[in-house]
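Derivation of every value follows stated rules applied to the coordinates shown; laboratory data play no part. Please read all numbers here as calculations on a predicted model, not as lab measurements. All Cβ positions, even for glycine, are placed from backbone atoms using ideal geometry, and neighbour counts span all protein chains on display.
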Amino acid sequence: MGNALAGRLFYDVRGAGVDVRFEAALQQLLVEDGRVIGAIMNAPGRSLCIGARKGIVLATGGAGWSPQLRERLLPPAARRFSLAPASNCGDGLSTAEAIGGEIVADTESAALWMPSSVMRQPDGQLSVIPHIILDRAKPGLLAVDGSGRRFVNEADSYHDFVTAMLQGSGTASRVPSFLICDRRFIADYGLGLIHPRASNLKTFIAAGYLLGADTIEGLAKAIGSEPTELRATIERYNRYAETGVDEEFGRGASELNRFNGDPSNKPNPCLRRIGSGPYYALAVWPSDLASSAGLRTDECGRVLGRDGNALDGLYAAGNDAVSIFRGTYPGPERCWDRRSYSGGVPQWTQPER
């Protein structure tokens, strides 16, 4: 999850003799004669004034947990939880804007998204757990909205999953959405914070992290959905599991889906019947992995002002700069030809460009 990369980068920084200051928050950028010449940092017990002979690079992680920036940039349904560190408070964006930098928000999406479950730990710490590849694509799990209906291919990219959550549909709320499974699924694959083969789920249920019931009707009541709707959804899903073809969302048809599924499960590595109770539901919420909205920059990384001119001596990188992909999530792809798919091995065609 990036820890090894971050560790290697920090190792190289230390090896190059860089002076690293922890717990030092950016407060203000200093400008003289139209050029950024330094910054004021709030460090434990004192303020630091640091000069810059060549320039300053902002790489503070984008909007992060900043209440003002989240309210301004993110859709209302996605403002509650973030996967950014608590220390990420949007100071790079706000200090640059204070001296004339422009924050660009007209992207397809203001952030890159992940569905996350949330649990308050006994010590009061809030755990926000992204559901990336370990459970959503595995066979025997489905996702429903507040009405108890499926709305997305559960095995698709985490960004696409949340995009579907934020699109909404009529009066049925998709925030939060619920991952539904049986006890066998948790035993085989785990679910969020719950490890595979976990024998005791009482702690998670007592914390409100996991909802459980002996019947589908009981689970529907626990998540606030219509019992007949949830039962019909599970019955349709189970029929798809028998044939290996998800007629609603094509789950298990793409290479990405199948790679993250269970190859031992036939005929579709992403579909398995949901069996007899007890049944479980886990709420997932939209959470931002990283900002797509950010400071406007030129091809050299220089921060641009609202007049389109570069702010001399100021650069932005990473999430502080507006995404060059404009809020989309790129990746390699192969096309699935629905006409040639019959539940076995999908037939692939190369995309035309």
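Listed from fewest to most Cβ neighbours within 10 Å, the set H159, H131 follows the order H159, H131. If exposed GluC sites (Glu not before Pro) are those in a DSSP loop with at most 11 other Cβ within 10 Å, what is the longest stretch of the chain that has none? It works out to 24-246. Give me the lysines in straight-line cross-link reach of K266: C-alpha distance below 28 Å, same-chain residues under 8 apart excluded. Partners within reach: K138. Close amide H partners of G38, meaning residues 5 or more places away or on another chain with modelled amide H under 5 Å apart, are L30, A52. Among A290, A232, A241, the largest mean-square fluctuation in a Gaussian network model of the chain, built with springs joining Cα atoms closer than 10 Å, belongs to A232.
Helical runs assigned H by DSSP (4 residues or longer) give the chain a calculated mean residue ellipticity at 222 nm of -6500 deg cm²/dmol, each run adding -39500 (n - 2.57) before division by the residue total.
Sorting 135-148, 307-320, 186-199 by their mean Cβ neighbour count within 10 Å, with the most densely packed peptide first, gives 135-148, 307-320, 186-199.
Here the Karplus relation 6.51 cos²θ - 1.76 cosθ + 1.60, evaluated at θ = phi - 60°, turns the backbone of the stretch 274-279 into coupling constants of 8, x, 6, x, x, 10 Hz, with x for every Gly and Pro.
In sequence order, the stretch 264-270 has phi-based couplings of 7, 8, 10, x, 10, x, 10 Hz under the Karplus curve 6.51 cos²θ - 1.76 cosθ + 1.60, θ = phi - 60°, and Gly or Pro positions carry x.
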